[in-house]
Amino acid sequence: MADPTLILRPGYQRWLIARTDRDGASADQIADWVAGFTQYSFRTISGDQPGSSPEELISTGEHQWRVSSARPVHIAVLPHQDTPTGLSGATLIQGREQLDELPVLARATSKPWYLELELWWRGPQATIAWPCLAVNAMGQRSHDYANADWLLMASWVPKTLPADPGEESWSEATEENITEALEDAKEDVKKALSYGAIVAGVVAVALAGFYVASLARRH
């Protein structure tokens, strides 16, 4: 049977991710590793998407990155082990319970971790294999829906949308700021040079006056 798929809608959406606790990872480690999970998930994207290379994983801030046409992706709720609350007032895109075969976390999981991601999808509507990642003892990664280490539980659009942060990376934003600063600096230099030229002219006139006066005194 083919992998279940997830719809990526243009614009803002939010993901609830479950993660196994079988390896004893800490909340900080899981927060650092979830970017790799999203990178793996977008490898299966359908169609020709702008910036859809699976190698394109760029950090754009603390717990924020961009991958494929998801620009940016950000951890909205840090990893925790409390039972997730309901999606009150939200528009559900897809939930795990809607799939024909229910994906599950690794059997050794005793108390799953949960975290929430928010992402802005900048490409046209697309689909990917339902986000799921299992890593075996040899370090091989796969979509193992019966023994997952990472698993998408639901994707939804909240009732209230945040302001669009823009799709540029931190480096691009910094580069733009540096360019503006350089332009301002150039103007300052021009002004300084103009002022310096005026001062130099005044000094030259004054020196010439002194020189002419000294010559007059000699004759």
Inset, instruction - Just order 118-124, 149-155 by mean Cβ neighbour count inside 10 Å, highest at the front, would you? - result: 149-155, 118-124
Inset, instruction - Report, by chain and number, residues whose modeled amide H sits under 5 Å from the one on D21, excluding near sequence neighbours (fewer than 5 apart, same chain). - result: S110, K111, W113
Inset, instruction - For V73, list long-range residues whose amide hydrogen, built 1.01 Å from N in the peptide plane, is under 5 Å from its own amide hydrogen. - result: W65, R66, V67
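Which FRET efficiency value, to the nearest 0.05, do you get for L87 and N136 by plugging their Cβ-Cβ distance into 1/(1 + (r/R0)^6) with R0 = 30 Å? Can you show the working numbers first?
Details: r = 33 Å, r/R0 = 1.09.
Taking R0 as 30 Å, the efficiency between L87 and N136 is 0.40.
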Inset, instruction - Based on the mean of other Cβ atoms within 10 Å per residue, sort peptides 17-25, 106-114 so the most packed one is first. - result: 17-25, 106-114
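Where a number appears in this text, it was derived from the coordinates with a stated rule and is not lab data. Quantities reported herein were computed from a predicted structural model and do not represent experimental measurements. Cβ sites come from the backbone with ideal geometry, for glycine too, and all protein chains shown count toward neighbours.
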